[in-house]
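What follows is calculated from the coordinates using simple rules that are stated; it is not laboratory data. These figures come from a predicted structure and were not determined experimentally. With ideal geometry, Cβ positions are generated from the backbone for all residues, glycine too; neighbour counts draw on all protein chains shown.
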C-alpha cells in the first residue's frame, strides 16, 4: 500500500477508534450510568485514539528514516566483488548512483550491469518491505485499538493515562532545543576534526594566507590551498567594528532620547518606525549596500581623490550598523528603564540637569546592561551573512584600510559551501571549521551577555 | 584613585569657590554663573539624541526610497504589437510544438521593416523582440488551433534593452559604442513608437513566471511558491512544538538543573547566527538523513529550528501574563492540572502565542542565509509542485537576481523586494491587529 493511502486509512480508522472507545465507556458504565466512570467518556475515546495512531505512525517514521540506508547496504552486498576493493569515496559515489537509478531520475552514464542488477534488487526488497510495512502498521493499529477497548472498565483511569501521554509529548518538545544545540555542535565539530586532520590547527588559527582554492590536478601550481584564517578574522573584526561604530552611538543616543526626553506621542510614533529597521530582511540590506551605498561611497571617495573599492568594508559595515541600530536601541531602552526612578530623583534633587543625570547617574548605573547589550549586538554583527555576502569581497586581504575589500567568516562559509561539494576536500571542511569558530565565538559572547544582563536586572529588582 | 571632589569638576560647579574671594561671593552666584553653560550643554545633549533618531529615520527613508524608485518601473513592461500570420505551411499537425515560431516572429518583423537587409542588421532587428515571444505564440496555437491560417495582432514582450530604453534607464546621448542599443535600432524603436506598436503595459509575466536568464521573462511565482511551501512546513512544525515546549516549561517543569539547561539553550539558540543553522541542516538533514537538496521540506525544517526559540519565548511571556487566579479557580472546582492548562490558560494565552508565531514566520520568510547552505539557490524555472521538489524562496531569488549583471534585473530585484516587504508588512500588521484586538490587561 502507498504511503498517503496508508495515512488516510490510519486517520479514518482513528476516528472510528475514538468513537468505539467513547461508546465502550458508556456500555461499561452500564444502563443509565449505574456504575461511575473514573474519567469522562471522552477520555476513553482519546485513549483509544492515541493507541490506535501512535504505533503505526512510529513504525512508518522508523521506516522512512532507516529504510534507505539499510536497503542500500543490502543492495550493495549483492555485488561484493565491487565493494571489496573500493575506497569509501567511491562507495559513496556508487550509493548515489544507485539512488538515482532507483528513483528513476536518470541512469548515470557509467552504470554497468551489476549496478543495474543491484538497483533491481533494491526495488524488489523495497516492494517487499513496503508490503510488510503496511501489514505491520495496520496490525499494530488494530492491536493497539483492541487492547485498549478490552481493557476499558469503569474504574480505568483513562484521564490519567491520557495526561501522562500528553505530558511525555510536552517534555519531548521542550528537549528539542537541547537536541538542536547538540546537533549543531556535533555537525560542525565532526567535520572540523576531519579538517584539522588535514590542516594543522595552528596554521588555521595563525596563518596569514587564505586561498582555499584546491587544485584540480595534483601537478598544478599551488597544488594545495592555504588555510591561514587570520585575514578572514581580521575582515570580520573590521566590518563588525565599523558596524558597531555606527550602531552603538546612534542606538544608545536614540534610546536615551526616547526614554528620557521624548514625550509620549513622539515615542509611540517613532519607536515602531525604528523597529521597522529590525524587520527588514537582511538580503534587502545587502542589496541596498551593494547597489546604492557602495557606488555612492565610491563616487564620494573619488571626488576626494581616494580610491574606494566597490566592495569596500566601509559600505558593508555602514549598512550592517544601520541594521543593528534598533537592536542596540531596544536593549538600551530596556536597561535604562530598569534604572530605578529613585536614582534619577536623587540626582535632580542635587540640582543636576537632565543630561548631567543621564551622563553621571543613569549611564554608569546601566553600564553593565549596556555592555551586555553591545556584546549581543557584536555577536549579531559577526554572524550576519547576507549583507557581507552581497556587499563585501571574496578576496582575503589583510589590511587595516576600510576602503579596501575584505572578506568575513560568513562570506567564506557561503562561498565554500554553495555549489557542488565533495565531503572530503579540505575546501568544504574548512567551511565547517569556520562555522565551529563562529559558533564558539558567538556562544561565548551570548552567554557572557545574557549573564551580565541578568545579573544587572537582578541588582535592581 | 582621583579625589572625589575633583573628578566631577564640570558637573558640580562648587569647585570654583577656591578661585574667588570666599567672603563676598555666595554659593548661589557661583552656580548661577555656570548655569547658562550647563543649560547649553543640556540643549546640546538633547539635540544630539534627536539627531541620532532623525539620522536613523533618514536611513530608513533612504532605504525605502531607493528601493521604491528603482523598483516601481518593473511593474510595467514594454510590449511590441506584431501582426503574425500563422501560415498553414509552417505547421505540421502532428507536431504543433515543433513549428518554427521564431520564424513567424522574424517574418512579421521583416514585413514591418522591409528595408532591412543583411544578416547583421536582421539580427539586430530580431534582437528587439524577447526570445519569449516564440513561446507565447506556441501557447496560443496549442490552446486554439483554429488560429492557424489567420493573421492576428499579438502583443509580444520586447527585449530587456528596449524595455530599459523606454523606461529611460539607457542614455540615448551616450556614444554608440558604449550603448547596448545601436543607432539603427533606436531608429526602428522610434518608428514602432510612431505607429503605436510599442507600449508599456502591466507586467503580468513578473507575477506569473518562474526564474529566467532573460529579465523580461523572469517572474517571482516560482520563488513565491517555494516560500509558501517552506513556510507551511515551518508553521506546521514550529507552532505546535513551540507552544508545547512553552507550556511545559511554564506550567509543568520542576525547577532543576535540567530545566535550567533547557532555558539557557533556548535563550542561546535565539542568538545563534542563522548561517549556523544552515550548517546543521547540511550536515544532519542532507548528509545524515539523505533528504533531497533544495527541497522546501528541508528548508522548512531548518527554519523551524531557527524560529522555535522566538515562538517559545513569546509563548512563555504570553502564558506568564495569565493571572494565577484563573488557574486557582479551575483547580478549585476540581479540574486536573492538565485540564486547567488546556481548558483555561491556553485559550487566554493563545492570542499572544499567535502573535509570536506570526512574528517568527515573518522572520523565517525574510531569512536566506541558512537556505543557501542547503542548496535552495538553484536556478529553477518551473514553480515547485510539492515539498520535495527543488525550489527557491523569495529572499534567495532576490539574492540571485542582485548578482545578475543585466541592468533590467536591478529593477526586477527591487520589485521583488517590494513584494517581499509587502508580505512582511501584511504579516506584521496581522500581528499588531491580533495583539490590539485580543490582548487583555489583567
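Taking label positions 7 Å along the Cα-Cβ direction at both residue A:241 and residue B:25, the computed distance is 4.5 nm, reported to one decimal.
Fully extending the segment from residue A:306 to residue A:265, taken as 0.36 nm per residue of separation minus the present Cα-Cα distance, adds 10.3 nm.
Please compute, over every Cα-Cα pair in the range B:221-438, the percentage with a separation greater than 21 angstrom. Don't jump to the answer; show the numbers that get you there.
Working: 14008 of 23653 pairs.
When all Cα pairs of the range B:221-438 are counted, 59 percent exceed 21 Å.
With the convex hull constructed from alpha-carbon coordinates only, the range A:167-293 shows a mean projected area of 15.3 nm² over all directions.
Here the calculated FRET efficiency for residue A:395 and residue B:58, from their Cβ-Cβ distance with R0 = 41 Å, stands at 0.80, rounded to the nearest 0.05.
Could you check which residue among B:108, B:143, B:245 shows the biggest mean-square fluctuation in a GNM of chain B with a 10 Å Cα cutoff? The residue with the greatest mean-square fluctuation here is B:143. Cβ-to-Cβ counts within 10 Å put B:196, B:85 in ascending order as B:196, B:85, the fewest first.
The simple Förster model, with R0 at 45 Å and r as the Cβ-Cβ distance, assigns residue A:70 and residue B:100 a FRET efficiency of 0.30. If I build a Gaussian network model for chain B, linking alpha-carbon pairs within less than 10 angstrom, which residue out of B:144, B:211, B:382 has the largest mean-square fluctuation? Of the options given, B:144 has the highest mean-square fluctuation. Its alpha carbons give chain B an Rg and a Dmax of 32.7, 118 Å. Please determine, in degrees from 0 to 90 and to the nearest 10, the orientation of helix A:230-256 with respect to the longest principal axis defined by the Cα atoms of chain A, where the helix direction is its Cα long axis. Between the helix axis and the principal axis of chain A, the angle is about 80 degrees. Centre-to-centre, using Cα atoms only, the range B:41-59 and the range B:135-192 are separated by 52 Å.
Measure nothing but the geometry: give the 0 to 90° angle between the long axis through the Cα atoms of B:221-247 and the longest principal axis through the Cα atoms of chain B, rounded to 10°. The answer is roughly 30 degrees. Label-to-label distance for residue B:287 and residue B:432 is 4.4 nm, based on points extended 7 Å past Cα in the beta-carbon direction. Per-residue ellipticity at 222 nm, computed for chain B from helices alone with -39500 (n - 2.57) per DSSP H run of at least four residues, works out to -18500 deg cm²/dmol.
Write down the Å³ per residue value for the convex hull defined by the alpha carbon atoms of the range B:52-158. Let's see the in-between values first.
Values: hull volume 16.0 nm³, N = 107.
Taking only Cα atoms, the range B:52-158 has a hull volume of 149 Å³ per residue.
Among A:390, B:228, which comes first, second and so on when ranked by fewest other beta-carbon atoms within 10 Å? Before the final figure, lay out the partial values.
Numbers: A:390 26, B:228 16.
Going from least to most buried by this count: B:228, A:390.
Taken residue by residue and averaged, Cβ atoms of other chains lying within 10 Å of the Cβ of A:60-72 number 1. Taking other C-beta atoms within 10 Å as the exposure proxy, B:45, B:64 rank B:64, B:45 from fewest upward.
Seen against the Cα atoms of chain B and their longest principal axis, helix B:346-366 is set at about 50 degrees.
Note on residue B:199 and residue B:423: the extension gain reaches 77.7 nm, defined as 0.36 nm multiplied by sequence separation minus the Cα-Cα distance.
In chain A, helical runs assigned H by DSSP with n ≥ 4 each contribute -39500 (n - 2.57); averaged across all residues and rounded to the nearest 500, the mean residue ellipticity at 222 nm is -25000 deg cm²/dmol. If a spin label sat at a point 7 angstrom from the Cα of residue A:27 along the line to its beta carbon, the backbone N atoms of the range A:118-155 nearer than 19 Å would be those of A:142-155. Orientation-averaged projection of chain A equals 35.8 nm² [convex hull of Cα atoms, one quarter of hull surface area].
What are the semi-axes of the equivalent ellipsoid of the protein assembly as shown, taken as the square roots of 5 times the eigenvalues of the Cα gyration tensor, listed largest first and rounded to whole Å? Present the calculation step by step, with values, prior to reporting the outcome.
On the way: eigenvalues 505, 436, 180 Å².
Semi-axes from the Cα gyration tensor: 50, 47, 30 Å.
Residues considered: B:277, B:202, B:289. Largest GNM mean-square fluctuation over chain B, using C-alpha springs under 10 Å, is found at B:289.
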